[in-house]
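Structure first, commentary second.
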Amino acid sequence: MRALGPYTLLHLLGAGGMGDVVEAVHPIIGKKVAIKVMLPVSTEHDFAQRMVLEAQTVNAIAHPNIIDIFGAGALADGRPYLVMEFLAGQSIAEWVRRAKAPIPSETVVNVLEQICSALEAAHGAGVVHRDIKPANIMIEDRSGRVVVMDF
């Protein structure tokens, strides 16, 4: 097993144009996290600064429908990473794609209200998301909590 700081890396959760997201666990306390690691081709200084700014931004907003970021750092090769809350669920894109029947309107309204609440908090803090899309919004399986990511 590989490690990153105090975390044991478990498996790849997803890959995107800017980096990969890996599920990890703190071996002593058992806390699961998601670690976003920037790809080597994306390590230009402004991208690394944007990751740090993302962490600072979401922590300043501190809203239950915005991803929580616990830490940031850089790998030995200079690639920056963020340590975020682990969300057991699926993106809105997956949720819609997997729906076997029309999604009830009250469920859709609940999801939209949570998204709007997150965006209202961000806008109130002077932050514009700039990349709102179904792939950047998760729904937790157990609670139904909607979480906006990738600021």
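For the chain, the longest principal axis of the C-alpha atoms and the axis of helix 105-124 are separated by about 50°. Calculated accessible area for the chain comes out at 58 Å² per residue, all protein chains present (probe 1.4 Å; ligands, DNA, RNA ignored). Solvent-accessible surface of protein heavy atoms, probed at 1.4 angstrom with all chains present, puts 31, 100 in the order 100, 31, largest first. Residues whose amide H lies under 5 Å from that of residue 70, counting only those 5 or more places away or on a different chain, are 83, 84, 85; hydrogens are built 1.01 Å from N in the peptide plane. Helix 45-61 axis versus longest C-alpha principal axis of the chain: approximately 50°, rounded to the nearest ten. Under a 5 Å amide H cut-off, with hydrogens placed 1.01 Å from N, residue 13 pairs with 21, 22, 23 among residues at least 5 apart or on other chains. Over the C-alpha atoms of the stretch 92-151, the Rg to Rh ratio, Rh being the Kirkwood estimate, stands at 0.99.
Descending by average beta-carbon neighbour count within 10 Å, the peptides 144-151, 91-98 line up as 144-151, 91-98, the highest first. For the stretch 57-110, what percent of Cα pairs sit more than 18 Å apart? When all Cα pairs of the stretch 57-110 are counted, 56 percent exceed 18 Å.
Put simply, the C-alpha atoms of the stretch 1-85 give a gyration tensor, and the ellipsoid matching it has half-axes of 19, 18, 11 Å, longest first.
Here the label points at residue 18 and residue 120, each 7 Å from Cα along the C-beta direction, are separated by 2.6 nm in the simple model. Applying the criteria of a DSSP loop state and at most 15 other Cβ atoms within 10 Å to the GluC sites (Glu not before Pro) of the stretch 1-77 yields 44. In order along the stretch 62-67, the Karplus-derived 3J(HN,Hα) couplings, from 6.51 cos²θ - 1.76 cosθ + 1.60 at θ = phi - 60°, round to 6, 10, x, 9, 10, 3 Hz, and Gly and Pro are given as x. With a Förster radius of 25 Å applied to the beta-carbon distance between residue 103 and residue 131, the computed FRET efficiency rounds to 0.60.
When the helices of the chain are scored as -39500 (n - 2.57) per DSSP H run of n ≥ 4 and the total is divided over every residue, the value at 222 nm lands at -9500 deg cm²/dmol.
The values are calculated or read from the model by the stated rules, or taken from the named source; none is laboratory data. What you are looking at is a predicted structure, and each value in this text was computed from that prediction instead of being measured. Every residue, glycine as well, gets a Cβ built from its backbone with ideal geometry; the counts of neighbours run over all protein chains shown. All accessible areas refer to the heavy atoms of the entire protein, side chains included, with ligands and DNA or RNA removed. Shrake-Rupley method; radii C 1.70, N 1.55, O 1.52, S 1.80 Å.
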